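J.: The structure is given below, and queries will be raised subsequently.
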Amino acid sequence: AREGEPARAAAGYAVVVRAGRAELTQCTVQSALSGGCFVSAAASAALRGCHFGAAAMHGVLVSGRARVEMSHCHVHSTGAAGVEARGRSEVRLHCCRVHHSSRSGLFATAFAEAHAEYCNVFQCRFAGIECAGQSEVRVHSCRVHDGERGGLL
């Protein structure tokens, strides 16, 4: 990408973190052919003030005992869940906006944990926040609205 333009991935996830630690601050991530950020294999990532949009799949996908902390991030226009945690992973959102996803805004499945506080989740095709597969979701002081199939599922 040219200076001042967001990075775009040609294929796969734009950002992949496996078995390590990453910190992204004030980044714009777009991936028109796949997803924005994939964290797996017990890795961890801190995402602060980042913008994830125009993704064909997830904005942020956390899997395989990985852990992600998101603060003041904006996730929108995704082809799957905006933010998804699966496979005993954990994701924490603080003061984030998640909207216009083709699935749920925040989705926890397969024994995952998802925590959201002071977030705004809206206009998602499924629920704003969805919990399935023996997962755990904790929501505190969030605004969840205008989901096509409900707020919490």
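J.: Quick test of your reading of the structure: Val29 fulfils all but one of (1) part of a strand (DSSP E or B); (2) in contact with an Asp or Glu (Cβ under 8 Å, 6 or more places away or on another chain). Name the failing condition by number.
T.: So the condition that Val29 fails would be (2).
J.: Six or more apart or on different chains, Cβ atoms under 8 Å: show the pairs whose first residue is in the stretch 12-26 and of a type in the set (Phe, Trp, Tyr) and whose second is part of a loop (DSSP other than H, G, I, E, B) and open to solvent by less than 40 Å² (accessible area, probe 1.4 Å).
T.: Tyr13/Ser31; Tyr13/Ser34; Tyr13/Gly35; Tyr13/Gly36
The values are calculated or read from the model by the stated rules, or taken from the named source; none is laboratory data. A quick note: this is a predicted structure, and the numbers were derived from the prediction, not measured. Heads up, the Cβs are rebuilt from the backbone with ideal geometry, glycines too, and the neighbour counts pull from every protein chain shown. Accessible surface is based on the protein model in full, side chains and every heavy atom, while ligands, DNA and RNA are left aside. Shrake-Rupley method; radii C 1.70, N 1.55, O 1.52, S 1.80 Å.
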